[in-house]
Every structure is written in structure tokens, then in C-alpha cells.
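Student: Please see the structure below; I have some questions.
The values are calculated or read from the model by the stated rules, or taken from the named source; none is laboratory data. Bear in mind the structure is a predicted one, so any value in this text is a computation, not a measurement. Don't worry about glycine lacking a Cβ; one is built from the backbone with ideal geometry, like all the others, and counts go over all protein chains shown. The protein model used for the area step is the full one, side chains on, heavy atoms only, and it has no ligands, DNA or RNA in it. Shrake-Rupley method; radii C 1.70, N 1.55, O 1.52, S 1.80 Å.
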Amino acid sequence: MTITLAPMEGVVDVYMRDMLTRISGFDLCVTEFVRVSQVVAPKEWFFKYCPELAYGSRTHAGVPVHLQLMGGEASVMADNAAFAAELGAPGIDLNFGCPAKTVNRHMAGAALLQWPEKLFEICSAVKKSLPDDVPLSAKMRLGFEEKSLALENAKALEDAGAEKLTVHARTKLEGYKAPAHWEWIAKICEVVDIPVVANGEIWTPQDAIKCREISGCQDIMIGRGAIARPSLAREIKGGEFAQWPEMLEWLEIYCHMMQNTKRQKWGEGRMKQWIKLLGRTYPEAKDLFNRIKLVKDPAAIDAMVRSEVREVGLCA
Ligand SMILES: Cc1cc2nc3c(=O)[nH]c(=O)nc-3n(C[C@H](O)[C@H](O)[C@H](O)COP(=O)(O)O)c2cc1C
């Protein structure tokens, strides 16, 4: 079984990948999408989304990071993929799931699920542009507004040369609303021969078992559940749940990194975002969030987290 950390724009960046892969359980990460429109993006752009390119495209814990591209123009996607591979990306993933209106209006992301032939065109152009040792994967939703093309889309991606397919088991219209339709992943598995990765609504180890049972997939991808419960992948593989004192130590490292970034406001936002999401699992994080939510200075938030670590340490 492999567990992939889901790409999440504005959430899973180099810092979050670092933290979650250190907490362990993940076998692979995928970057936030790099938006491709008319030209080959400059080198800096790829390094912005995937700073790990500078050190072997792995997180500090050694987990490989594949680079995700999103766009609707086959030849430009192919050129960008080839350039990303040249820069050292160990794998390319194609985004056919983004529900954002601006993206969909420009015929990219989930909008493309309305035309299997377009998926085929993009995916095969990218495949042709990549060296043999750089695998190509694709990530799709079940459809745009309904699911009637789900199987055809999956087949188109396989026929075009995708070596792996991640299925986020919802349509664009269903957004992020539960449930995820894991039974549809099973239908997709029946029509393709490439490995399929099941994704959507895995929040607990029990969800992972159920998802694997219903979808028939060994491999899973986890997004929001990994942010809210950072030891989830580790637990699914038989490891321990991270109790609050352990979680707080990770949070201390993270807040320290955020406090030291050049963009203060951004660092403040990221600290608050993670602490808020941790509130889904840890009542202590809810309490901490209520205390920091109005604090604007990242150094002050960092100090509050550190004092919490000392307090919990003294209680233990
Ligand atoms: C804030 C946010 C940002 C996301 N960004 C991306 C992205 O850049 N690329 C992508 O393929 N999917 C993206 N997704 C979708 C996730 O990768 C995943 O498919 C989805 O959240 C369902 O999995 P989950 O229920 O485990 O969260 C994003 C989801 C969220 C909530």
C-alpha cells in the first residue's frame, strides 16, 4: 500500500510537506498545481512550487515530490512538462480536477472532464515529451456536473499513456461535500489496467479501511485529513496516533519556520490555518486557536506556541 499526500493549493507547500513527511507514513507528495497557460514557465516558477527540486526532489524525510501541472493547451503542457523533467522533477502529475471558476472558464482543471478526447490529447502530448524514466500520472474527478463520462475519461487517460490515475471520487459540482463516491472508483478500476489511487473523505484509519474495501484500491491519497490529523498516514500503516504533546512539538517547529519567512503576513496566515484545522482533531488546538486568532504578530504567535509546549511539558 502506498499513501500519497494530496496536492492542496495554499495549504500543502514545501513547509507542510516537510512537516507531514517527517511525522511519517507518506510515500509520495504532489505539489500544488503549476498553472500553465501560453508559454513555458520560467525556472523560478517551478522552484517556487517545488523548492525540493534543489535537493533531489525529496522532502527532508526523503519522500519524493512529483510536480503537478494544470492547463488546457496540449503543446504548452508538453513543453512545460519536458522542462520540469529537465529541472529534475521525478514525476509529472496532470490536474483534471480543479473546480475554480476562473480556471474552468479558461478550459483547464475539471472543465476538461467534459471532453475525453481533450484529456487524451493533453495527456498523450505530455507523455511524448517526457523521458522514459519520468513517470506520468493524472488526477481526475468523477466528472464536471455529472458522472456519465467518468469511465471514458479514465480510459482516455490510460490510453494516452498515464501510468497511474488518482480519482477524487466526486464531480466538480459536488465540490468537497461528503460523501465521496468510493464505489465509482471501483467501477473505474474495472475498465483500466493502470494502478488507481483512491482519494476523498479519508479522515480516520477506519475511513481508510472502508475506502480501500469499497474502491478495491490498495493505494490512497489523503488531503484535508492529513492536515487535521497529521499522524493519519502513520496510523494507517500501524503506527501511533500523535497525542497533543507530540503534535505541539511539530507545531512548534512549524511556527518557528513560519515566523522566519520573509513574508510576515503570509507566515501568520499559515500558522493560524494549521492550528485552526488541527482543532478538528485536538480540543487543545481549538483552545489555542481562540487565543491566537486575533494576534497579528507571527513572533507573538510563535512565542505563545512555545510557552504552550513548556506548559504541556511541565504537566507531563
Ligand atoms: C484547499 C484545497 C486545495 C487543493 N488544491 C489542489 C491542487 O492544487 N491540485 C489538485 O489536484 N487537487 C487539489 N485539491 C484537491 C485535493 O488534492 C483532494 O483531491 C481533495 O481535497 C479530496 O481529498 P480529501 O477529502 O482527502 O481532502 C485541493 C483541495 C483543497 C481543499
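For every residue, the table says whether it meets (1) of a type in the set (Phe, Trp, Tyr); (2) assigned to a strand (DSSP E or B).
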{"residue": "Arg170", "(1), (2)": "no, yes"}
{"residue": "Leu173", "(1), (2)": "no, no"}
{"residue": "Trp184", "(1), (2)": "yes, no"}
{"residue": "Lys187", "(1), (2)": "no, no"}
{"residue": "Val197", "(1), (2)": "no, yes"}
{"residue": "Ile202", "(1), (2)": "no, no"}
{"residue": "Ala208", "(1), (2)": "no, no"}
{"residue": "Arg212", "(1), (2)": "no, no"}
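Student: Considering each residue of the stretch 206-235, count those that are β-branched (Val, Ile, Thr), surrounded by fewer than 20 Cβ atoms within 10 Å (Cβ to Cβ) and near the ligand (Cβ under 10 Å from one of its atoms), and give that number.
Tutor: Kept after step one, since they are β-branched (Val, Ile, Thr), are these residues of the stretch 206-235: 209, 214, 220, 222, 227.
From what is left, the residues that are surrounded by fewer than 20 Cβ atoms within 10 Å (Cβ to Cβ) are 209, 214.
Next cut, near the ligand (Cβ under 10 Å from one of its atoms) only: none.
Final tally of qualifying residues: 0.
Student: Sticking with this structure for a sec: For the stretch 180-190, indicate whether the set of residues that are touching a residue at least 12 places away in the same chain (Cβ under 8 Å), within 10 Å of the ligand (Cβ to nearest atom) and within 15 Å of the chain's Cα centre (by Cα) is non-empty.
Tutor: The answer is no, given that none of the residues of the stretch 180-190 is touching a residue at least 12 places away in the same chain (Cβ under 8 Å), within 10 Å of the ligand (Cβ to nearest atom) and within 15 Å of the chain's Cα centre (by Cα).
Student: Check off (1) hydrophobic (A, V, I, L, M, F, W, C); (2) within 30 Å of Gly175 (Cα to Cα); (3) at pLDDT 95 or above for Met258 and give me the number that stays unchecked.
Tutor: (3)
Student: Report yes if some residue within the stretch 102-117 is open to solvent by 30 Å² or more (accessible area, probe 1.4 Å), within 14 Å of Ala74 (Cβ to Cβ) and part of a helix (DSSP H, G or I); otherwise report no. Step through it out loud before you land on a result.
Tutor: Kept after step one, since they are open to solvent by 30 Å² or more (accessible area, probe 1.4 Å), are these residues of the stretch 102-117: 102, 105-107, 114-115, 117.
Restricting the remaining residues to those that are within 14 Å of Ala74 (Cβ to Cβ) gives 107, 115, 117.
This time we only want the ones that are part of a helix (DSSP H, G or I), so: 117.
The answer is yes, given that some residue of the stretch 102-117 is open to solvent by 30 Å² or more (accessible area, probe 1.4 Å), within 14 Å of Ala74 (Cβ to Cβ) and part of a helix (DSSP H, G or I).
Student: I'd like to verify a number: residues in the stretch 42-52 that are buried (at least 20 other Cβ atoms within 10 Å of the Cβ) and either closer than 14 Å to Pro90 by Cα or more than 13 Å from the ligand (Cβ to nearest atom) (or both), how many? Full working, then the answer.
Tutor: Quick first cut of the stretch 42-52, residues buried (at least 20 other Cβ atoms within 10 Å of the Cβ) only: 46, 49-50, 52.
From what's left, either closer than 14 Å to Pro90 by Cα or more than 13 Å from the ligand (Cβ to nearest atom) (or both): 46, 50, 52.
Summing the residues that are buried (at least 20 other Cβ atoms within 10 Å of the Cβ) and either closer than 14 Å to Pro90 by Cα or more than 13 Å from the ligand (Cβ to nearest atom) (or both) in the stretch 42-52 gives 3.
Student: Filter the stretch 110-168 down to the residues that are within 16 Å of the ligand (Cβ to nearest atom), among the β-branched types (Val, Ile, Thr) and either free of Cβ contacts under 8 Å to residues at least 60 places away in the same chain or touching a helix residue (DSSP H, G or I) at 6+ places or on another chain (Cβ under 9 Å) (or both) and list them by number.
Tutor: Result: Ile122, Val126, Val167.
Student: Continuing with this model, one more query. Can you tell me how many residues within the stretch 1-22 are more than 16 Å from the ligand (Cβ to nearest atom) and either within 21 Å of Asn104 (Cβ to Cβ) or in contact with a Phe, Trp or Tyr (Cβ under 8 Å, 6 or more places away or on another chain) (or both)?
Tutor: The qualifying residues number 2.
Student: Determine, yes or no, whether Glu32 is within 27 Å of Ala228 (Cα to Cα) and either at pLDDT 95 or above or assigned to a helix (DSSP H, G or I) (or both). Break it down stepwise before answering.
Tutor: Values: within 27 Å of Ala228 (Cα to Cα): yes; either at pLDDT 95 or above or assigned to a helix (DSSP H, G or I) (or both): yes.
Here the answer is yes, as Glu32 does meet what is asked.
Student: Among residues belonging to the stretch 271-316 that are in a helix (DSSP H, G or I), among the acidic types (Asp, Glu) and without any contact (Cβ under 8 Å) to a residue 60 or more places away in the chain, point out the one that is most open to solvent (accessible area, probe 1.4 Å). Full working, then the answer.
Tutor: Our first condition is that a residue be in a helix (DSSP H, G or I); within the stretch 271-316, this holds for 271-278, 283-292, 298-315.
Filter once more, so that each one left must be among the acidic types (Asp, Glu): 284, 287, 302, 308, 311.
With without any contact (Cβ under 8 Å) to a residue 60 or more places away in the chain added as a condition, the list becomes 284, 287, 302, 311.
Numbers: Glu284: 73, Asp287: 81, Asp302: 1, Glu311: 110 Å².
If we take residues in the stretch 271-316 being in a helix (DSSP H, G or I), among the acidic types (Asp, Glu) and without any contact (Cβ under 8 Å) to a residue 60 or more places away in the chain, then Glu311 is most open to solvent (accessible area, probe 1.4 Å).
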